[in-house]
Structures are given as structure tokens and as C-alpha cells.
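**Student:** This is the structure, below, for whatever I ask next.
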Amino acid sequence: MSAPAAVPRLRLRVTATAETIIRGGHPWVYSASLREQNRNAVAGELAVIYDRQDKFLALGFFDPDSPIRVRILHAGKPVTLDTAWWRARLTTAVAKRTPETIGPDTDGYRLINGESDGWPGLVLDRYAGTLVLKLYSAAWLPRLGEISTLIREALSPEHLILRLSRNIQDLAREQGWVDGCEITVAGRPDQATVPTVIFRESGLSFEAEVVQGQKTGFFLDQRDNRRLVETLTQGGDVLNAFSFSGGFSLYAARGGAKSVTDLDISLHALESAKRNFALNQSVPGIAAATHEQIQGDAFQWLATGPERSFDCIVLDPPSLAKRETERASAIQAYARLAASGVGRVRPGGVLLAASCSAHVSAEEFFGAVRSAARSSGRRFTELRTTGHAPDHPATFPEANYLKAIYLRFG
């Protein structure tokens, strides 16, 4: 009886424009850019892309059900993607996270930031001794056992929790993987035993809901902006709109704020903020500051709520444009929100407006906030704009989502 024929390598060719983009370092190949494919394939197969001269161009993960048909892993000269290659890539990403880039007394930060660290569609976050692996592409599911073993061998976490984006949860469940499970050394899923982890950030203690919380359990990407707010709030009253678990409020209190007010529509988030304040009562500024909480819609409260003003207002809403079709309405919403915030900033006070909407560019967002400030008729000074923290690098346009602007009003 003859042996079954080997499955031929998945070979692709792309448009001339896509070739140029790949050579320029962009990590995505969209379905519309494919012009030739030698056979059907399943999610997670390695696809080799050849150029018009039939020379190796790149290789990446194939996903037949995603508009991003190939996520590039390597471009240039041919390589072998063996365990040593993956181990070296993990080591390179982790080595970039140093005390100099992360900051002191901090054990909560991002270890791998997807495509920008060479791991397309994969994020790895550290919370003290717990690591959270989040997948945004089904291409990783067939390799979960291999990758999780590699992570455990290299980093020795106490726990490794798997989180899945909504778009792949059904497929993952079919394969035996469940969002929020713990991955054992052998790659088998198990029920997670650590729903909440306490970690340190800049000397402050926070809880992270690693099993069911937003993102991977905490908004690690705003760490640098929280540190900046701490330097701007001494002796003042601070409003933290869309406060989530109170990160900006805790930094403001430690920085000497007289009072901090959390404003969020989620009671669950406000309760988490209470617990975070309780964790840090040994910090003099936090113990001394008045901590108030308001449950309500931040847009509505800022526009029509009680006539109150503050020395510092933080506007950090969730993404207002989850798709390109929502971009225009999101820009308008950012402008309205900024206008409401400006109206509540005291003379000499600071407004921090932030956006995490990737479909709204930094120029569009900053323009909306500046326009709202000018329309108020108040004098203001632009202190600075900020972007991604060092552990959240953004190496291609679509990865640029985080931006913030600081304005001081006369």
C-alpha cells in the first residue's frame, strides 16, 4: 500500500502593490491583495509568499476566514521556523522590557505587543507572577501547546492564562480552548484558579481581573500618562471620567490632589477602584485625599450634570470607533466630550484628553480637542501630546491607537 501523498506547501502570490508594502515592513496581507494560491488551506497554516520573479518574499500565518488573509512572520531571506527561531524571537521581545523602559517598582507591563514585536495577533502581559496570553487571530490556535510550553520554559510564570478575542472564541471552543482558562505545561486547558492578581505599578498596588476583565485585566498602556497626571495635581480637585478601576485617581492622590472623583457608568469598575484605594492606604497622599465616586454616563454628566469644576480633568473613554465607518461620528463625539470638559476646568487647570480609537488618527483627534478648546473662547496652552509607551510599540500605521493631549487653561 503506497504512502499518502505529502500536502504541498501553501504558496501564494500577491499584487505588485502588496509586494512593495511587504518589503516596506507591513505585517498584513489582505484578501484582496492575493492573486494566486496553489490550494485551499486552514487557519494557522504557514503560507510562503513569492514575488513576481518566483523568489521568496515572506512567510506568515494563513487565515481563510479573516480579511487579513496572511499575518507576516518574516520577510527577506528564507528561514526555518523551528523552536530555536521562536525562542530567539521571544527572548528579543522580553529583552526590550528593561527597568529603564518600564520604570521602577513595576511588575505589570506588556511583554509582547503583537505585530510590532514580531508576534502577529498575539499579546502577552505580565501581572506579577501571572502571565496573560491573548490571541486576536485563529492562526495561533493550532500552536497553543507549543507556544505555551515555550513561554513557560523561558519565563517560569506561576500561572499562564489564555484570553481570546470575541471573533475567535467559537472556533477556539470547538478545539477545546475556552476564554479565561489556564494553560498547563503540556498545553492542556484547565480552569483558571486566579481570577484576580495584585501587581505593582510605579510603587502602587492594583488588582487585575485576568480571567474576565477588560483587555487582559487592566489598562497597562496608560501607565506613562498616569505618571504624568501625578505631577500635575498637587493641591487640586481631580475628576477622572471613564475612571474604570481608578488608575489615574490613585496617581493623582499620591501626587498631592486634595480630592479625586471617579466617574464611570459601571458599578463593577467603581467597586474595583474602591479596592485599589484600599490596597494603597499606606501611601500618605492617597490616605489624605478625599475619594468620591459617581456612577453615571460620563458624556451626560459632563454636559448636563451638577455645576462643578475641577483643577484637573481626565477624559479617557473607551474606543469610540471600532470600525472605519464610525470614524467621523467618533471625531464629533471627541469634540463634544472635550468641549464639556473644558467648561469644567478651573483657571490654571489642566485637561487631559485621550483616545484609544485606532480608526481615528492622532491628527484628527488632537484637531478635535484643539478646536473645542478654541471654540470655548478661553486662553489655553498646549503642554504636550503623548503616544504609545515603550512596552506598547507601534511599528505600522494600524497599530497606532493611543494618543493623549494635555491643555492648561487660563
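The values are calculated or read from the model by the stated rules, or taken from the named source; none is laboratory data. Keep in mind it's a predicted model, so treat the numbers as computed, not measured. Cβ atoms come from the backbone with ideal geometry, glycine included; neighbour counts cover every protein chain shown.
**Student:** What number of residues in region 203-242 are assigned to a loop (DSSP other than H, G, I, E, B) and either in contact with a helix residue (DSSP H, G or I) (Cβ under 6 Å, 6 or more places away or on another chain) or aromatic (Phe, Trp, Tyr) (or both)? Write out each step before concluding.
**Tutor:** Taking region 203-242 and keeping what is assigned to a loop (DSSP other than H, G, I, E, B), we get 203, 210-219, 231-236, 242.
Next, from what is left, pick out any that are either in contact with a helix residue (DSSP H, G or I) (Cβ under 6 Å, 6 or more places away or on another chain) or aromatic (Phe, Trp, Tyr) (or both): 218-219, 233, 242.
Count: 4.
**Student:** Can you find a residue in region 189-201 that is in contact with a Lys or Arg (Cβ under 7 Å, 6 or more places away or on another chain), of a type in the set (D, E, K, R) and not in a helix (DSSP H, G or I)? Before the answer, list the steps.
**Tutor:** At the first step, the residues of region 189-201 found to be in contact with a Lys or Arg (Cβ under 7 Å, 6 or more places away or on another chain) are 201.
Okay, now just the ones that are also of a type in the set (D, E, K, R), so 201.
This time we only want the ones that are not in a helix (DSSP H, G or I), so: 201.
The answer is yes; a qualifying residue exists.
**Student:** Here are the criteria: (1) of a type in the set (Ser, Thr, Tyr); (2) farther than 23 Å from Ser156 by Cβ; (3) in the same structural domain as Leu155 (by TED's automatic domain parsing). Tell me which single one Ser33 does not satisfy.
**Tutor:** (3)
**Student:** Look at Ala330 and say whether it is within 19 Å of Lys403 (Cα to Cα) and at pLDDT below 95. Lay out the reasoning, then the answer.
**Tutor:** Values: within 19 Å of Lys403 (Cα to Cα): yes; at pLDDT below 95: no.
No: the conditions fail for Ala330.
**Student:** Now a separate question. Considering every residue within region 61-71, establish whether at least one is without any contact (Cβ under 8 Å) to a residue 24 or more places away in the chain and not assigned by TED's automatic domain parsing to the domain that holds Leu122.
**Tutor:** Our first condition is that a residue be without any contact (Cβ under 8 Å) to a residue 24 or more places away in the chain; within region 61-71, this holds for none.
Checking region 61-71: not a single residue is without any contact (Cβ under 8 Å) to a residue 24 or more places away in the chain and not assigned by TED's automatic domain parsing to the domain that holds Leu122.
**Student:** Let me ask something else. Only residues that are farther than 21 Å from Phe218 by Cβ and crowded, with 18+ Cβ neighbours inside 10 Å: list them for region 90-120, please. Write out each step before concluding.
**Tutor:** Here is the first cut: in region 90-120, the ones farther than 21 Å from Phe218 by Cβ are 90-92, 95, 100, 115, 118, 120.
If the condition is that a residue be farther than 21 Å from Phe218 by Cβ and crowded, with 18+ Cβ neighbours inside 10 Å, then Leu90, Glu115, Gly118, Pro120 are the ones that fit.
**Student:** Can you run down the residue pairs with Cβ atoms below 8 Å, 6 or more apart or on separate chains, where the first is in region 314-339 and surrounded by 12 or more Cβ atoms within 10 Å (Cβ to Cβ) and the partner is of a type in the set (Asp, Glu)?
**Tutor:** Final answer for the pair search is Leu320/Glu326; Arg327/Glu364; Ile331/Glu364.
**Student:** Next up: For region 254-349, which fully contained helices (runs of 4 or more DSSP H) count at least 3 residues that are under 22 Å from Thr385 (Cβ atoms) and in contact with a strand residue (DSSP E or B) (Cβ under 9 Å, 6 or more places away or on another chain)? Talk me through it step by step, then tell me what you get.
**Tutor:** Details: elements: 267-279, 284-288, 298-304, 327-342.
Here the list reads 327-342.
**Student:** Now for a separate question. Touching a Phe, Trp or Tyr at 6+ places or on another chain (Cβ under 6 Å) and of a type outside the set (Val, Ile, Thr): does that describe Pro195? Spell out how you get there, then give the answer.
**Tutor:** On the way: touching a Phe, Trp or Tyr at 6+ places or on another chain (Cβ under 6 Å): no; of a type outside the set (Val, Ile, Thr): yes.
When the stated conditions are applied, Pro195 does not pass them.
**Student:** Of all residues in region 194-210, count the ones that are in contact with a Gly (Cβ under 6 Å, 6 or more places away or on another chain) and crowded, with 22+ Cβ neighbours inside 10 Å.
**Tutor:** Looking only at that region, the number is 4.
**Student:** Would you confirm, using the coordinates I've provided, whether Arg87 is closer than 27 Å to Gln175 by Cα, out of contact with any Lys or Arg (no Cβ under 6 Å at 6 or more places or on another chain) and modelled with pLDDT under 95? Step through it out loud before you land on a result.
**Tutor:** Working: closer than 27 Å to Gln175 by Cα: yes; out of contact with any Lys or Arg (no Cβ under 6 Å at 6 or more places or on another chain): yes; modelled with pLDDT under 95: no.
No; evaluated as a whole, the condition is false for this residue.
**Student:** Of all the strands (runs of 3 or more DSSP E) wholly in region 12-57, which have at least 1 residues that are on the phi > 0 side of the Ramachandran plot? Lay out the reasoning, then the answer.
**Tutor:** Details: elements: 28-30, 34-37, 46-50.
Those strands (runs of 3 or more DSSP E) do not exist here; none qualify.
**Student:** Can you name every residue in region 223-237 that is surrounded by fewer than 18 Cβ atoms within 10 Å (Cβ to Cβ) and closer than 19 Å to Ile405 by Cα? Full working, then the answer.
**Tutor:** Within region 223-237, the first condition is being surrounded by fewer than 18 Cβ atoms within 10 Å (Cβ to Cβ), and the residues that meet it are 227, 231, 234-235.
Listed by number, the residues that qualify are Arg227, Thr231.
**Student:** Here's another thing I want to ask about it. Select from region 153-178 the residues that are part of a helix (DSSP H, G or I) and in contact with a strand residue (DSSP E or B) (Cβ under 6 Å, 6 or more places away or on another chain) and list them in ascending order.
**Tutor:** Taking region 153-178 as the starting set, the residues that turn out to be part of a helix (DSSP H, G or I) are 153-155, 166-174.
Of everything in region 153-178, just one residue is part of a helix (DSSP H, G or I) and in contact with a strand residue (DSSP E or B) (Cβ under 6 Å, 6 or more places away or on another chain), namely Ala172.
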